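Structure first, commentary second.
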Amino acid sequence: MTPPIVADFRAGLIRGELLVQKCNSCGKFNMYPRYACPHCQSESLGWQKASGKGVLHSFTILRLGPPEGFENELPYALGVVKLDEGVQLLGRLVPDADGEWKSYKCDERVEFAPMSAEHAEKRPCAWFKHAKT
Amino acid sequence: MSDTWPLNVDAKSPNDPVFVGIGEIPSGKYPQRTFIGDLTKVAILALKDAGMVPRDVDTILLIPCLHGFTDQADLVFSRMVEELGLAGHAKASFMIHSGGSTSDNAVRAASGLIASGHARTVLVLQCERWGSADVMEMINSLSKNGIPGEWELPTGVQFNAIGGLITQRYMASTGSTPAEMASVCVALRDWAQLNPNAMYRGKKLTVEQVLASRMASDPLHVMECPMLADGAAAFVMTSAENAKKRGLDTTVRVAGSGGCVSHYSIGQENDLAALGWATAAKRAYAQSGWGPKDAQFGEIYDSYAAVTTIAVEGFGICEPGEGARWFAAGNASPGGKFPCNTNGGLLSAGHTGVGGGTALLVEGVRQLLGRAESERQIKNAQRCIIGGSGGSYMDAQVLLLERTGKGGAK
Ligand SMILES: [Zn+2]
């Protein structure tokens, strides 16, 4: 069984929302979601829809040796994004029109790119693209 | 929390923990060798190096293998006690595990046991069979270990991608070029030519070859990724008093150690171009009372070049942001000002899993004892900086080792 903490986050992705955990006691954001707030140890935790905007800290394009089940998706880009909410996460990057990622650079603005419900169900992770300027 | 921990044991204490022997067999692909056979071999090699027999050992610490749970269970449940004829004699046999930094933590554990009198002589054993394991099985296990299943597995991240993320950020932060990054691999390959135990001995490498190889996970080329290998290593630690009593004049002591666990998930590292290296080194130097200028060489975890260039900067061995260029200038190469990873490192001696860090540690001790082959031996090797890291480079561990006694290489 998928624990509720994971199921809630994934349900958000399926709805096209990036959720970050918010502590009901101290109001701080936690990513990745935790079972008790690392800031105040409260177990009263909820969710907030993230702005989805942030900065690309780093990224890479995997071309060889993917984990089992990812063979048909090669190549794909992974990025660490620092959200404006002050938390960060690992996600995927939407390719440029040519199927590559040449336009991406560290420290540039990116934003959450919701995927279809079907896609989010299969790959429950956040996708990002260049932020609209 | 204070950033400094004074050492309770000083060089004059009879219980000061010291290294007295090391053992290692070649790394590479050796399908005919066996797990328990290799462990037995390195145990005996290390004990002979220390002038000891198995019955001189009271405690065995096991460094885990990652190639299979059954073999790991054999270690956990004390098989090596029986294999070495220590049934009824051994006081304890147990495993320490923190991935690639395990050997550093094993030294801390052994030191603590010896300094506190809970152990007299500790034998630390490591063997990995990655080179002979099924490749897809290894990719799958490496794509799950040290990666949060709930939050990161669905992205398709794996070990080379983690290396790629660190390398990309490091290059962006420092302006290091692909050729400068490749030069780290070349420096390590040059060292491997001098190490009979190295997987890539006899196979020279150039920057051009690295840059001409395919991309594995941009900006990492295939030739910048480590090759999984079989390998085994062991070392023996005892009290300074016991070493003296046994006539072992030249030993290696632990002058200080420092560590920093900076994250668990790669997506949660605050600065992928820093990791925990600088904090770990600061803590270690505070304990030893000596710093990078007082050491002659380093043995630093290197499953990807950027992990090591970030470390040499964090350790204060070179200027901030200059690690890759410092390697490219030949400083860490054979004949360089500050030799690094003199066994060839994980990238050229072979990635023996958790054992990659053990091999670097054993090489550091070997150099300090003056027991490397003459062409590889660093002259006047008195102090060494050891760096280890595990998982997604979740931690940075630093050991500061120094030779005691008048022996060693002149
Ligand atoms: Zn809280």
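Does the protein assembly as shown come out rounded, prolate or oblate by the C-alpha gyration tensor, with a ≥ b ≥ c the root eigenvalues, rounded set by a/c under 1.5 and, if not, prolate when a/b is larger than b/c and oblate if not? The shape class here is prolate. Taking a ≥ b ≥ c as the square roots of the eigenvalues of the Cα gyration tensor of the stretch A:1-42, is the shape rounded (a/c under 1.5), prolate (a/b larger than b/c) or oblate? Since a/c reaches 1.5 but b/c is at least a/b, the shape of the stretch A:1-42 is classed as oblate. Annotation: lysines with alpha-carbon distance below 19 angstrom to residue B:406 (same-chain offsets under eight excluded): B:12, B:244, B:245, B:379. For the stretch B:347-353, the Karplus equation 6.51 cos²θ - 1.76 cosθ + 1.60, evaluated at θ = phi - 60°, returns couplings of 5, 10, 8, x, 8, 9, x Hz by residue, with Gly and Pro reported as x. Net length available on complete extension from residue A:94 to residue A:64 is 9.0 nm, with 0.36 nm assigned per residue and the Cα-Cα distance removed. Axis angle, to the nearest 10 degrees, between helix A:4-15 and the longest C-alpha principal axis of chain A: 50 degrees.
Simple spin-label estimate for residue A:28 and residue B:406 gives 5.8 nm between the two label positions (7 Å along the Cα-to-Cβ direction from each Cα). Highest-first packing order for the peptide set B:303-316, B:64-77 is B:303-316, B:64-77, based on the mean count of other beta carbon atoms within 10 Å. Computed over the Cα atoms of the stretch A:4-130, the ratio of the radius of gyration to the Kirkwood radius (Rg/Rh) comes to 0.99. The protection proxy used here, the mean number of other Cβ atoms lying within 10 Å of each residue, ranks peptides B:94-102, B:393-401 as follows, highest first: B:393-401, B:94-102.
For the stretch B:1-123, the relative contact order works out to 29 percent when only alpha carbon pairs closer than 8 Å and six or more residues apart are counted.
Modelled spin labels at residue A:74 and residue B:206, positioned 7 Å past Cα toward Cβ, are 2.8 nm from each other.
What is the stretch B:273-381 by shape, rounded, prolate or oblate, if you read a ≥ b ≥ c off the alpha carbon gyration tensor as root eigenvalues and call it rounded for a/c under 1.5, prolate for a/b larger than b/c, and oblate otherwise?
Because its axes are fairly even, with a/c under 1.5, the stretch B:273-381 counts as rounded.
Based on Cα contacts under 8 Å between residues 6+ apart, chain A shows a relative contact order of 25 percent.
Here the calculated FRET efficiency for residue B:270 and residue B:73, from their Cβ-Cβ distance with R0 = 51 Å, stands at 0.90, rounded to the nearest 0.05.
Residues of the stretch B:112-128 with an amide N closer than 14 Å to a point placed 7 Å from the Cα of residue B:94 along the Cα-to-Cβ direction: B:112-114, B:118-119. Measuring nothing but how far apart in sequence close Cα pairs (under 8 Å, 6+ apart) lie, relative to its length, chain B scores a relative contact order of 25 percent. The distance between label points at residue B:34 and residue B:371 comes to 2.6 nm (points 7 Å beyond Cα on the Cα→Cβ vector). Placing a label point 7 Å from the Cα of residue B:145 along the Cα-to-Cβ line, the residues of the stretch B:296-331 whose backbone N sits under 16 Å from it are B:302-304. The local environment of residue B:266, defined by Cβ-Cβ distances under 15 Å, has a net charge of -1 under the rule Lys, Arg +1 and Asp, Glu -1.
Values in this text are rule-based calculations from the coordinates and carry no lab data. For clarity, every value in this text was computed on a predicted model and none was experimentally measured. Virtual Cβ from ideal backbone geometry, glycine too; neighbours counted across all protein chains shown.
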